[in-house]
Amino acid sequence: MNKSVQAELLYELCERAAVERGLNEQHAIWFAQGLIRTSLMGIDTHGVRLLPLYLRELDEGRSNVRPKIQTIQQFHGTALVDADSALGVVAGAYAANLANELAREYGVSVVAVANSNHFGAASVYGERIASQGLVGIVTTSAAARMAPFNAKRAMFGTNPICFAAPARGTDLYLLDMATSQISYSQVKHFRRNGVELPPGWALDRNGRQVSDPALVESLATLGGYKGQGLAMMVQILSCLLTSMPFDHRLSHLDAEPYDRGRQIGHCLIAIDPARFGSLDDFTAGVSELMQTIRETPAVDGECVQVAGDPQKASIARRTQEGIPLNDDELHGLSQEAQRLGLTHIFPRDEALYKEFA
């Protein structure tokens, strides 16, 4: 059984912890916004549960507490940003805002970010772009977990691709997908709970499909060779435009060394649909397309969803009920809250907790 804590309280914890470590006010806000928004979306593997790990990055020097994030090269709508080993969540927000500004001026922008760290969920930055009436495409490099098609050794990260487009009102289409069949965090979850993996999700040391999570050496590509192609596309955008190392040369998020930046690269693209016609017509078309797909006859009475629907439902639910945390997550976050004197977030009587099935 999990417990849930209100998002406002967890936001306060994230922001205060960042400021206490030395982040400036704007960076602390971006940091807290990114973690809490991710958890509200239901992407728990990349949300507030990572706070202790990100704080360790700051404490031990992997992430720069006072980074000098700067645009080192710009030509019209293209920009190369040096994140100066900032927290990836901070660098991602900076880059998304810059992509928005350049797209407004030039119609299309491409912002490549070098010398960054793990930036969490790509959908946070896609949403940041689409919420401004722009189409967003976001990619990032990641440490190798996924083997090429028909190979034995992991050479790619999960290499996510986010595509976001504005619809009517505040609605938007929000696709955030890994290029692997499953995330490594999910493998660890299956392993902890003694549950077998579905066929085709992961591989053993010989590159053969495996169902026992204890035998997993690498993840399988999404859709066979197609996933490999997408993963290579992500590396070309995220590594080569930024001159950052390929995935198989990167250290892992939860592993040593913690005293140096991971040299992660990101790529953010923004497109202003108003440069191609009426923005109202564009957003109406996105809404029409999404609704048409939702109304397609479903199998066995299940509803048909489009990308972004699960996240929207999660945001609505968790805004009311709070963000669910398991015992390990509660322990790590409550320790930081107690250290900061924020005893109202995790009171001993658990008055602010709610049972969350």
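I need Tyr125, Tyr258, Tyr173 ordered by Cβ neighbour count within 10 Å, fewest first. Walk me through the intermediate numbers first.
Details: Tyr125 29, Tyr258 17, Tyr173 20.
With the fewest neighbours first, Tyr125, Tyr258, Tyr173 line up as Tyr258, Tyr173, Tyr125.
Remark: the stretch 271-276, residue by residue, has Karplus-estimated 3J(HN,Hα) of 10, 8, x, 5, 7, 10 Hz, where x stands for each Gly or Pro and the curve is 6.51 cos²θ - 1.76 cosθ + 1.60 at θ = phi - 60°.
The three principal axes of the Cα atoms in the stretch 94-193 give end-to-end lengths of 46, 29, 24 Å, sorted in falling order. In 5 Å bins starting at zero, report the fraction of Cα pairs in the stretch 247-325 per bin as a rounded %. The percentages, shortest bin first, are 3, 10, 10, 10, 12, 13, 15, 12, 9, 5, 1. Computed on the Cα atoms alone, the convex hull of the stretch 181-220 gives a volume of 48 cubic angstrom per residue.
Mean residue ellipticity at 222 nm from the helices of the chain, using -39,500 (n - 2.57) per DSSP H segment of n ≥ 4 over the full residue count, to the nearest 500 deg cm²/dmol? Show your work: numbers first, answer last.
Numbers: 10 runs with 131 residues, N = 357.
The helix-only estimate for the chain comes to -11500 deg cm²/dmol at 222 nm.
When Glu57, Glu20, Glu196, Glu336 are sorted by how many other C-beta atoms sit within 10 angstrom of their C-beta, beginning with the fewest, the order is Glu196, Glu20, Glu336, Glu57. Here the translational diffusion coefficient of the chain follows from Stokes-Einstein with Rh set to the Kirkwood radius across Cα pairs; for 10 °C and 1.306 mPa s it amounts to 75 µm²/s.
Calculate, for Leu175 and Asp212, the FRET efficiency according to 1/(1 + (r/R0)^6) with r their C-beta to C-beta distance and R0 30 Å; round to the nearest 0.05.
Working: r = 31 Å, r/R0 = 1.04.
Plugging the Cβ-Cβ distance into 1/(1 + (r/R0)^6) gives 0.45.
Each residue of the stretch 329-346 is assigned a 3J(HN,Hα), and the resulting list reads 5, 4, 4, x, 6, 5, 4, 5, 4, 5, 4, 8, x, 8, 5, 6, 6, 10 Hz, derived from the Karplus form 6.51 cos²θ - 1.76 cosθ + 1.60 (θ = phi - 60°), x at Gly and Pro.
With neighbour counts taken as other beta-carbon atoms within 10 Å, the residues Thr170, Thr71, Thr292, Thr283 rank, fewest first, as Thr170, Thr292, Thr71, Thr283. Approximating the spin labels as points 7 Å out from Cα along Cα→Cβ, the Thr78-to-His331 distance works out to 5.0 nm.
Centre-to-centre, using Cα atoms only, the stretch 1-15 and the stretch 185-213 are separated by 31 Å. Legend: distances between Cα atoms for Lys3/Lys312; Lys3/Lys68; Lys3/Lys188; Lys188/Lys226; Lys152/Lys312; pairs beyond 31 Å are Lys3/Lys68; Lys152/Lys312.
All of the numbers you see were taken from the coordinates with simple rules; none came from a lab. Note that the structure is a prediction, hence the values are computed from the model and not measured. Cβ coordinates were reconstructed from backbone atoms using ideal geometry, including for glycine residues, and neighbour counts include every protein chain displayed.
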